[in-house]
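Heads up: the structure comes next, in structure tokens.
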Amino acid sequence: MTGSVSVHMPDRSLVSSLSVNPALISSSVTLRDDLVGIVSEFHDRAVPERAVEALDKLYGSLYASFAHLSLADSLPQPPITWIGYECGEIIAILLFLVRFDQVHVLTELIRLEPRIVYAFRRAVLARFSGVNGIQFNAITLTQPLTVGAHQFYAFSENYIISLPRSVDDYRAALGKSTRKTIKGYSNRLQRDFSEFIWEARQADQMRSHELRSLIRQLHNFKRDGMAARGKRAELSRRDIARMFVLSRAGGLVGVARIGDKVYGGSLACRVGDNYVMLISAADPSLTAYRLGMLCCFWAVCDCINAGARECHLLWGRYQYKTQLLARPSTLLRLTIYRSRLQMGL
């Protein structure tokens, strides 16, 4: 697809804390795509403050958030920011790096309309004459691409629950057998353990050592549960530290206790109007009570009570996710080329 572009300089670029070296910041450029009416604005090695805020609102995805990107170990330099405007409103933001002749998009686990992809492609190829390919990782397309040289393949999925307005509505939407399972095992737990309790708390209301301890405990439950099925699940100290930082701002914690002892729980991170389930696990000793599934169900209910629009359970094909009404959103790796010749090469 082709279209004319006009270039002018925006009034000002607000630079986020990630871009700490002014010498790295080059002029920002704006391109108007007359074909679809989208104005593209680039900020080289800078992330404007308005983009930081809009990323969460637009996508509600942890892996598209600036908070997650800021914790990445492998980011060699501040990214370039592309902002797409329509009628003066921000409709899309993508952060990326240019490596040799390839653009690597860092914004992941997002849904993109083809027209956004096309506008980004045209703007990038017009702005960076040496670029021959654009690589997206872990995105979902609302419709197939029909124009331009490109290749893609599905490699994973993100399980997403569209949340109703109330827990009663959610419970009613569950399948009959799922409702029976939840009610039966909940009653059995209460009957066999009179001190059993599920407690929901905001992460920022917990003491730091208490939250760290809970994250480690939940990870140990998950690791032991996976080991029992012949699988591995390991988190490094760095991973646990990231989870702690991400959960401190807007995190929602659920804890299953019998007396003073923790037997399960969940940790969800709020991004925009959505919650992303960082971890949900239970002590394998209570597998007979389906505590793992119950913890996830109660955590989803807590997200509903917190007014969330969606709950993202991320990847991993487990039956309990579909039982709790999560639907898989296919994740693609997509490469777009400047020309069919470049794709062939």
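The values are calculated or read from the model by the stated rules, or taken from the named source; none is laboratory data. All of these numbers come straight from a predicted model, not from anything done at the bench. In this analysis, Cβ positions are derived from the backbone assuming ideal geometry, glycine residues included, and neighbour counts consider all displayed protein chains.
Within the stretch 315-328, take every residue that is out of contact with any Gly (no Cβ under 8 Å at 6 or more places or on another chain) and either part of a helix (DSSP H, G or I) or at pLDDT 95 or above (or both) and give me the one that is surrounded by the most Cβ atoms within 10 Å (Cβ to Cβ). Among them, the one singled out is Ala326.
Cβ-Cβ distance below 8 Å, separation of 6 or more or different chains: which pairs start in the stretch 106-121 with a residue that is basic (Lys, Arg) and end on one that is surrounded by fewer than 20 Cβ atoms within 10 Å (Cβ to Cβ)? Cβ pairs passing all conditions: Arg111/Thr140; Arg111/Leu141; Arg111/Thr142; Arg111/Ser329; Arg115/Val36; Arg121/Gly148. Being among the β-branched types (Val, Ile, Thr) and in a helix (DSSP H, G or I) holds for only one residue in Val262, Val300, and it is Val300. Against the definition (charged (D, E, K, R) and over 30 Å from Leu94 (Cβ atoms)), how does Glu113 come out, yes or no? So Glu113 fails the test.
With the structure loaded, tell me whether Phe96 is at pLDDT 95 or above and not assigned by TED's automatic domain parsing to the domain that holds Gly272 or whether it fails that test. The answer is yes for Phe96. You will find that of Gly130, Gly184, the residue that is farther than 24 Å from Ala64 by Cβ and surrounded by fewer than 12 Cβ atoms within 10 Å (Cβ to Cβ) is Gly130 and no other. Restricting attention to the stretch 43-73, the residues that are more than 18 Å from the chain's Cα centre (by Cα), outside any helix (DSSP H, G or I) and either of a type outside the set (Lys, Arg) or at negative phi (or both) add up to 5. Here Glu108 does not fit the description of being in contact with a strand residue (DSSP E or B) (Cβ under 6 Å, 6 or more places away or on another chain), in a strand (DSSP E or B), charged (D, E, K, R) and under 25 Å from Asp56 (Cβ atoms).
Yes or no, residue by residue, for (1) at pLDDT 95 or above; (2) within 18 Å of Ile38 (Cα to Cα); (3) of a type in the set (Val, Ile, Thr); (4) assigned to a loop (DSSP other than H, G, I, E, B):
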{"position": "Arg122", "(1), (2), (3), (4)": "no, yes, no, no"}
{"position": "Ala126", "(1), (2), (3), (4)": "no, yes, no, no"}
{"position": "Ser129", "(1), (2), (3), (4)": "no, no, no, yes"}
{"position": "Phe136", "(1), (2), (3), (4)": "yes, no, no, no"}
{"position": "Ile139", "(1), (2), (3), (4)": "yes, no, yes, no"}
{"position": "Thr146", "(1), (2), (3), (4)": "no, no, yes, yes"}
{"position": "Gln151", "(1), (2), (3), (4)": "no, no, no, no"}
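Pairs meeting the criteria (first residue in the stretch 173-184 and farther than 15 Å from Ile161 by Cα, second residue among the basic types (Lys, Arg), beta carbons under 7 Å, at least 6 apart or on different chains) are Arg179/Arg171; Thr181/Arg290. Of all the listed residues (Arg179, Arg191, Arg212, Arg216), the sole one being in a helix (DSSP H, G or I), assigned by TED's automatic domain parsing to the domain that holds Gly265 and touching a Lys or Arg at 6+ places or on another chain (Cβ under 9 Å) is Arg179. The test for being more than 19 Å from the chain's Cα centre (by Cα), assigned by TED's automatic domain parsing to the domain that holds Ser194 and not in a helix (DSSP H, G or I) does not hold for Gly292. Looking across the stretch 232-275, the residues that are among the aromatic types (Phe, Trp, Tyr) and either over 17 Å from the mean Cα position of the chain (by Cα) or under 22 Å from Leu291 (Cβ atoms) (or both) come down to Tyr263, Tyr275.
Arg171 - would you say it is part of a loop (DSSP other than H, G, I, E, B), among the basic types (Lys, Arg) and either surrounded by fewer than 17 Cβ atoms within 10 Å (Cβ to Cβ) or over 23 Å from the mean Cα position of the chain (by Cα) (or both)? Spelling it out, it is not the case that Arg171 is part of a loop (DSSP other than H, G, I, E, B), among the basic types (Lys, Arg) and either surrounded by fewer than 17 Cβ atoms within 10 Å (Cβ to Cβ) or over 23 Å from the mean Cα position of the chain (by Cα) (or both). Scanning the stretch 193-232 for residues that are aliphatic (A, V, I, L, M) and crowded, with 17+ Cβ neighbours inside 10 Å turns up Ala200, Ala203, Met206, Leu211, Leu214, Ile215, Leu218.
Check whether at least one residue in the stretch 286-303 is surrounded by fewer than 19 Cβ atoms within 10 Å (Cβ to Cβ) and out of contact with any helix residue (DSSP H, G or I) (no Cβ under 8 Å at 6 or more places or on another chain), and report yes or no. Yes: the stretch 286-303 contains one or more residues that are surrounded by fewer than 19 Cβ atoms within 10 Å (Cβ to Cβ) and out of contact with any helix residue (DSSP H, G or I) (no Cβ under 8 Å at 6 or more places or on another chain). Total residues in the stretch 280-304 satisfying the condition of being of a type in the set (Ser, Thr, Tyr) and closer than 15 Å to Leu218 by Cβ: the figure is 2.
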